[in-house]
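Novice: I'd like to ask you about the structure that follows.
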Amino acid sequence: MTLLITVFAAIVCTIVWYVRAPKSNMRLGTLCLMYWGASVMWFVDAVFEYIELKDAFFTPAAEDMLNDAFLGLSVVALGLVIWLVIVLIKDPKGVVKAALTKKAE
C-alpha cells in the first residue's frame, strides 16, 4: 500500500507540474522528486520483502495493509509539509515578505 500511495501521489504531482511547468514558480518539481524518491524507496523495500516472503508477499493480513496505508498517507503528508516549508522560505510570489513588512494601519 505504501508503494501504491506514493506512486499515485508522484504521478498526480508530476501531471500537475507538467501542466503548469512553463509558468509556475511554486517549486512543484521538488515535491515530485520527493514523491518519486519515496516511490523508489518503497519499490526496493517491496522487492526485498518479496525475496524474503516469496508467495506470502501476495497475501498480507488486513492489519498489515491498514498499517501500510497509514504509513503511505503519512509519507505523502510529510512530503507536503516539507514542500510547504520550502515554498514559505523561498517565497516565490513575495506574499510572506509583504505580510511581514506591512505596516500596521
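Novice: Which whole-number percent gives the relative contact order of segment 2-104, counting Cα pairs below 8 Å spaced six or more residues apart?
Specialist: It rounds to 40 percent for segment 2-104.
Novice: What distance in nm separates the simple spin-label points at residue 15 and residue 59, each placed 7 Å from Cα in the Cβ direction?
Specialist: 3.5 nm
Novice: For the chain, what does -39500 (n - 2.57) per DSSP helix run (n ≥ 4), summed and divided by total residues, give at 222 nm, in deg cm²/dmol to the nearest 500?
Specialist: When only DSSP H runs of four or more count, the value is -26500 deg cm²/dmol.
Novice: Give me the log10 of I(q) over I(0) for segment 2-104 at q = 0.16, 0.17, 0.19 Å⁻¹, as the Debye formula computes it from C-alpha points; what are the numbers?
Specialist: Summing over Cα pairs of segment 2-104 leads to -0.78, -0.84, -0.95.
Novice: What lysines does residue 102 reach when the alpha-carbon gap must be under 23 Å and sequence neighbours fewer than 8 apart in one chain are set aside?
Specialist: List returned: 90, 93.
Novice: DSSP loop (so not H, G, I, E, B), at most 10 other Cβ within 10 Å: list which trypsin sites (Lys or Arg not before Pro) in segment 64-105 pass both filters.
Specialist: Numbers: sites: 90, 93, 97, 102, 103; in loops: 93, 102, 103.
Passing both the DSSP loop test and the Cβ count: 102, 103.
Novice: I'd like the accessible area for residue 1, computed on protein heavy atoms only with a 1.4 Å probe and all protein chains in place. Round to 10 Å², please.
Specialist: Estimated to the nearest 10 Å², residue 1 gives 90 Å².
The values are calculated or read from the model by the stated rules, or taken from the named source; none is laboratory data. Everything numeric here is computed off the predicted structure, so don't read it as measured data. When we count neighbours, we look across all protein chains shown, and the Cβ atoms used for this are built from the backbone with ideal geometry, even at glycine. Quick note on the areas: whole protein, heavy atoms, side chains included, nothing else; ligands and nucleic acids left out. Shrake-Rupley method; radii C 1.70, N 1.55, O 1.52, S 1.80 Å.
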